[in-house]
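See below for the structure under consideration.
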2 protein chains.
Amino acid sequence: MNAEKVLDVAMTAYWQSDPADVSVNAICQMAGISKPSLYREFGSEDGLTRAVLDSYAERVLSAVFAILHSGEGLQATLAALIDFASADPRMETGCLFYKLRAGKHRLGPVTRARVEEIDAVAQAAYVTFLKSCRDAGDWPDGLPVEAGAKYLGEQFALAITQRASGEDPARIREMLTLALSVLTRS
Amino acid sequence: MNAEKVLDVAMTAYWQSDPADVSVNAICQMAGISKPSLYREFGSEDGLTRAVLDSYAERVLSAVFAILHSGEGLQATLAALIDFASADPRMETGCLFYKLRAGKHRLGPVTRARVEEIDAVAQAAYVTFLKSCRDAGDWPDGLPVEAGAKYLGEQFALAITQRASGEDPARIREMLTLALSVLTRS
DNA sequence: GGCATAAAATACCGTTCGGTAACAAATTGA
DNA sequence: TCAATTTGTTACCGAACGGTATTTTATGCC
């Protein structure tokens, strides 16, 4: 039956459209397996979603963390984030994590907990990165890094969410560049 | 039976939680009417949603258009928009229009058409307002007003959407002020 | 009072949902 | 070889959905 393939199919389906619009029945049909097989492997829809999110985190979100941990300066890192959000083909239909987070109240308890955990980890990564910039003197005076981290995370999520709704990538890049320009006016 | 009261109940329910999470059955129960009565009045769920959106537009969205048409300058108008998004009690659970727009693909055809129409009208209002600012010399050089209008609309929607998710209003004000500051650096 | 007519509610339709019981086929171990 | 355990399937469950046919209740009107 291959759990790996089921995860793949489910991730693609959730990612391509919207997690709330993809039923367990549909996933079984697409994966060519029966419902009891899926339930024996993942326990519940919540368990499946959680497993998909884990897989997505290590296969896609890791790229974002890699950018943040690359050790580049503020300007270069923001440029890389802008590139990723507005031009990376993986974000062409948006980010599965952001889609799950946007409909958080519809998720089962374990998936929701994982979403909040990833959210916290991402926020911490933003803060760590910005602190290193501040310590290098590369940060606007008077703006707390926590506020900057939240702002950066929000704008990044907004840009990717707009890609999911078919917005023009060039326009998205323009908007995100404008939004993040306040972080480089030191 | 009173169609006015049904609209009120439905609007409150859609607005308070999420349109996708409120069924026709629930609305009938809350309004104390039977399902055939509702269907005789509105024809379909799509018709009801459309009627609710119309009512919402004239009762709430008009306040935003009033701010844009108030004839104040750029700085004062942006301040009023920031106030509205981050502090107005009407936006405490978010904006029904933005909630409908966020789940546009789930809407019936007539409601979706109305959402797109309102979106276009709002965009045009932003453009008109910013053009008047530009003609008064109160606008950053090199930034097209169309791009500024889109940016303003996106940031405004983001701020209000965050209020719906329970974010701290002071934090929202801070973020939105930061985002819109790029429009007043002329 | 009787009677047509409009408005209301009850009770139902078909479909889809997440989830499972009951059963058949294949694999394992001795 | 035969029994035990796993793997998978079919067929079903109860609930909720949007929507409607049917029946009851109320309202004029003469």
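The values are calculated or read from the model by the stated rules, or taken from the named source; none is laboratory data. Quick caveat: nothing in here was measured; it's all calculated off a predicted structure. As a convention, Cβ positions derive from the backbone with ideal geometry for all residues, glycine included, and neighbour counts pool all protein chains shown.
If I filter the stretch B:10-19 for residues that are touching a residue at least 40 places away in the same chain (Cβ under 8 Å), part of a helix (DSSP H, G or I), in contact with a helix residue (DSSP H, G or I) (Cβ under 9 Å, 6 or more places away or on another chain) and within 16 Å of DNA strand C (Cβ to nearest atom), do I get at least one hit? Yes, the stretch B:10-19 contains a residue that is touching a residue at least 40 places away in the same chain (Cβ under 8 Å), part of a helix (DSSP H, G or I), in contact with a helix residue (DSSP H, G or I) (Cβ under 9 Å, 6 or more places away or on another chain) and within 16 Å of DNA strand C (Cβ to nearest atom). Per the listing A:VAL110, A:VAL121, A:VAL115, the residue uniquely part of a helix (DSSP H, G or I), more than 10 Å from every other protein chain (Cβ to nearest Cβ) and surrounded by fewer than 14 Cβ atoms within 10 Å (Cβ to Cβ) is A:VAL121.
The residues listed here are A:VAL24, A:VAL52, A:VAL9, A:VAL60; of these, the one that is away from DNA strand D (no atom under 15 Å from the Cβ) and more than 30 Å from A:LEU183 (Cβ to Cβ) is A:VAL52.
One residue is enough: does the stretch B:32-45 have a residue meeting the conditions assigned to a helix (DSSP H, G or I) and more than 16 Å from DNA strand C (Cβ to nearest atom)? No. What are the residues in the stretch A:141-166 that are touching a helix residue (DSSP H, G or I) at 6+ places or on another chain (Cβ under 9 Å), in a loop (DSSP other than H, G, I, E, B) and over 19 Å from A:LEU130 (Cβ atoms), if any? Residue satisfying the conditions is A:SER165 alone. Within the stretch B:36-62, no residue that is within 14 Å of another protein chain (Cβ to nearest Cβ) and within 20 Å of B:ALA85 (Cβ to Cβ) sits with its Cβ atom under 6 Å from a residue that is outside any helix (DSSP H, G or I) and away from DNA strand C (no atom under 16 Å from the Cβ) at 6+ positions apart or across chains. Of the residues making up the stretch A:167-186, just one is basic (Lys, Arg), in contact (Cβ under 8 Å) with a residue 12 or more places away in the chain and assigned to a helix (DSSP H, G or I), namely A:ARG173.
Per the conditions (1) at pLDDT below 95; (2) within 12 Å of chain A (Cβ to nearest Cβ), the sole criterion not satisfied by B:ASP135 is (2). Is it fair to say B:LEU7 is within 16 Å of DNA strand C (Cβ to nearest atom) and surrounded by 19 or more Cβ atoms within 10 Å (Cβ to Cβ)? The answer is yes for B:LEU7. With A:LEU81, A:LEU53, A:LEU61 as the choices, which residue is in contact with a Lys or Arg (Cβ under 6 Å, 6 or more places away or on another chain) and assigned to a helix (DSSP H, G or I)? Just a single option satisfies the conditions, and that option is A:LEU53.
Consider B:HIS69 against the criteria (1) closer than 24 Å to A:ALA102 by Cβ; (2) touching a residue at least 24 places away in the same chain (Cβ under 8 Å); (3) surrounded by fewer than 16 Cβ atoms within 10 Å (Cβ to Cβ): it satisfies all of them except one. Which criterion is unmet? B:HIS69 satisfies all of (1) closer than 24 Å to A:ALA102 by Cβ; (2) touching a residue at least 24 places away in the same chain (Cβ under 8 Å); (3) surrounded by fewer than 16 Cβ atoms within 10 Å (Cβ to Cβ) except (1). The listed residues are A:GLU58, A:GLU72, A:GLU154, A:GLU92, and the only one of them that is under 30 Å from B:VAL22 (Cα atoms) and of a type outside the set (A, V, I, L, M, F, W, C) turns out to be A:GLU154. Selection of the stretch A:20-31 for residues being within 11 Å of DNA strand C (Cβ to nearest atom), part of a helix (DSSP H, G or I) and free of Cβ contacts under 8 Å to residues at least 60 places away in the same chain yields A:ASP21, A:VAL24, A:ASN25, A:ALA26, A:ILE27, A:CYS28, A:GLN29.
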